[in-house]
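FYI, it's all coordinate maths here, none of it is from the lab. Not measured: the values here are computed from a predicted model. Cβ atoms come from the backbone with ideal geometry, glycine included; neighbour counts cover every protein chain shown.
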Amino acid sequence: MLIKQVVIENAAKRQDVRVTNGKFVAIADSLTPIADEQVIDATGKLMLPPFVDPHVHLDATLTAGQPEWNESGTLFDGIRIWGERKQTLSHEDVKKRAIQALKLQAAHGLQFVRSHVDVTDPDLVALKALLEVREEAKPWMTLQLVAFPQEGILSFPNGKELMTQAAEMGVDALGAIPHFEFTREYSVDSLHFVFDLAKKYHLLVDAHTDEIDDPASRGLETLATLALETGLKERVTASHTTAMGSYNDAYVSKLMRLLKMADINFVANPLINMYLGGRFDTYPKRRGLTRVKELDQEGLNVAFGEDDIQDPWYPMGNGNMMDVLHMGLHATQIMGYTEIMNSYRFITKQGARTMQVIDNYGIEVGKSANFLIFNADNWYNTLNERAELLYSVHEGHILVETEPANTQVHLPK
Ligand code: 17E
Ligand code: FE2
């Protein structure tokens, strides 16, 4: 396959890209087609590495309204409603919805997804189903699974045993929910437990951390300390950390030193944080996001996740990371011209770093030929216009192809 004259990641000049046997084999100003080679004319179109969603919940996806809609819009009502829906889960129900959501994501250019899976279920129904989905989707989607203790590790019956069982069943990462544990002591103990288990089973860590507008929620400092002291560092992710948006600046100044030493990843979920956050405020009303701009400026790795596609925590979503990013840039005020132009990094390579798949990620000779081509000439225009995804190519195979719409505007005389 030869792709002609694409703009690779906003580059000033156009290039030709050759793909053979699922790999990038040449990138040059001009390459001549060889016999029987498929040629794609992409003159002046943007080529990016694939989108990455490092945080979604595929067990709960597409259940919005079941058994009721989340009318208050709080995290806690979401957990309560999911707790009811969870009683009715079946293997086929989970598989069907998860694959449907993954297909929506693939259609929007996602090739790497990390899903949390609620393991506060004595039968682990969702985990068993998603382990099968991970295998079935392998030819078109890299799916990682996180054992997520939605109702707590120490605050849920047999919480530790369920986490251990999930580790043995082959999850990629271990989660936690320190802000939802009954006490601060449980919160700290739950993180120690998770790091011990992660070391034993050689797993990544990705904890829902301080997802609450409470400045006293300080799971992050424990998570970062453990990441540093165990050496797990970049294998650890702090998801949400929305309480950071409520911390005082003196504390953040002290905390930032630790965060940099620990070199952990952060995932903000702008659509959900804006929707669930600030729900207990009248006015002034908080935005409910972590300090994305400041973490980014300090050189920490921050990615954006989708979190929910139509479930008890968020009524909307269709797998489009451009919506996630668009909200994220507004909510965090990362909207200088250059900032917008470079902002695809929040939904591409920074997510790949979070998922620890960076070695084989990116448009470089020798790496797997995974890439997207958009119907616009740079990222600013792609995002602003929600430009069509002309191609999503996975290991040299065309996974998604879009015929551009042709809209005519007939102005009145
Ligand atoms: N569960 C949770 O604790 N927090 C979330 N944002 C979602 C599920 C989606
Ligand atoms: Fe989440």
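What to note about this one:
- Counted residues, segment 311-345 - those being within 16 Å of ligand 1 (Cβ to nearest atom) and among the small types (G, A, S): 4
- The set of residues in segment 100-114 that are assigned to a helix (DSSP H, G or I) and of a type in the set (G, A, S) comprises A101, A106, A107.
- Residue match in segment 107-121 (condition: over 20 Å from the mean Cα position of the chain (by Cα) and either surrounded by 14 or more Cβ atoms within 10 Å (Cβ to Cβ) or away from ligand 1 (no atom under 16 Å from the Cβ) (or both)): yes
- Residue within segment 78-88 that is of a type in the set (S, T, N, Q) and in a loop (DSSP other than H, G, I, E, B) present: yes
- Subset of segment 174-212 (residues that are within 12 Å of ligand 1 (Cβ to nearest atom) and either more than 24 Å from D77 (Cα to Cα) or assigned to a helix (DSSP H, G or I) (or both)): P178, H179, F180
Residues checked against (1) surrounded by 17 or more Cβ atoms within 10 Å (Cβ to Cβ); (2) not aliphatic (A, V, I, L, M):
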| residue | (1), (2) |
| --- | --- |
| A28 | no, no |
| V56 | yes, no |
| T61 | yes, yes |
| K86 | yes, yes |
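- Condition check for R97: surrounded by fewer than 17 Cβ atoms within 10 Å (Cβ to Cβ), assigned to a helix (DSSP H, G or I) and either among the hydroxyl-bearing types (S, T, Y) or within 16 Å of ligand 1 (Cβ to nearest atom) (or both): no
- Leading residue by the ranking (nearest to the chain's Cα centre (by Cα)) among those in segment 296-317 that are more than 23 Å from F76 (Cα to Cα) and touching a residue at least 40 places away in the same chain (Cβ under 8 Å): A303
- Any hit, segment 56-70, residues being closer than 30 Å to M341 by Cβ and within 15 Å of ligand 2 (Cβ to nearest atom): yes
- For T20, the test of being more than 16 Å from ligand 1 (Cβ to nearest atom), hydroxyl-bearing (S, T, Y) and surrounded by fewer than 20 Cβ atoms within 10 Å (Cβ to Cβ) is passed.
- Looking only at residues in segment 333-361 that are touching a Ser or Thr at 6+ places or on another chain (Cβ under 9 Å) and not aliphatic (A, V, I, L, M), the one that is surrounded by the fewest Cβ atoms within 10 Å (Cβ to Cβ) is N360.
- Residues in segment 363-388 that are among the small types (G, A, S) and either within 16 Å of I3 (Cα to Cα) or surrounded by fewer than 17 Cβ atoms within 10 Å (Cβ to Cβ) (or both): G366, S368, A369, A376.
- Scanning segment 232-268 for residues that are away from ligand 1 (no atom under 16 Å from the Cβ) and part of a strand (DSSP E or B) yields V236, N265.
Quick grid of which residues meet (1) more than 28 Å from A331 (Cα to Cα); (2) within 16 Å of ligand 2 (Cβ to nearest atom); (3) under 20 Å from the mean Cα position of the chain (by Cα):
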residue: A173; (1), (2), (3): yes, yes, yes
residue: E185; (1), (2), (3): yes, no, no
residue: H192; (1), (2), (3): yes, no, no
residue: T225; (1), (2), (3): yes, no, no
residue: Y247; (1), (2), (3): no, no, no
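- Of the residues making up segment 35-64, those that are touching a residue at least 24 places away in the same chain (Cβ under 8 Å), out of contact with any helix residue (DSSP H, G or I) (no Cβ under 8 Å at 6 or more places or on another chain), away from ligand 1 (no atom under 13 Å from the Cβ) and part of a loop (DSSP other than H, G, I, E, B) are E37, Q38, A42, T43, G44, K45, P50.
- Here K233 fulfils each of the conditions (1) more than 16 Å from ligand 2 (Cβ to nearest atom); (2) surrounded by 16 or more Cβ atoms within 10 Å (Cβ to Cβ) apart from (2).
- Residue satisfying condition, being within 23 Å of F266 (Cβ to Cβ) and assigned to a helix (DSSP H, G or I), within set L162, L220, L127, L145: L220
- When the helices (runs of 4 or more DSSP H) confined to segment 269-382 are screened for residues that are on the phi < 0 side of the Ramachandran plot, touching a strand residue (DSSP E or B) at 6+ places or on another chain (Cβ under 6 Å) and among the aliphatic types (A, V, I, L, M), those reaching at least 2 such residues are found at 292-297, 321-332, 349-355.
So that you can scan it fast, the table gives a plain yes or no per residue for (1) within 16 Å of ligand 1 (Cβ to nearest atom); (2) closer than 24 Å to G109 by Cβ:
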residue: F280; (1), (2): yes, no
residue: V302; (1), (2): no, yes
residue: D308; (1), (2): yes, yes
residue: I347; (1), (2): no, yes
residue: Q350; (1), (2): no, yes
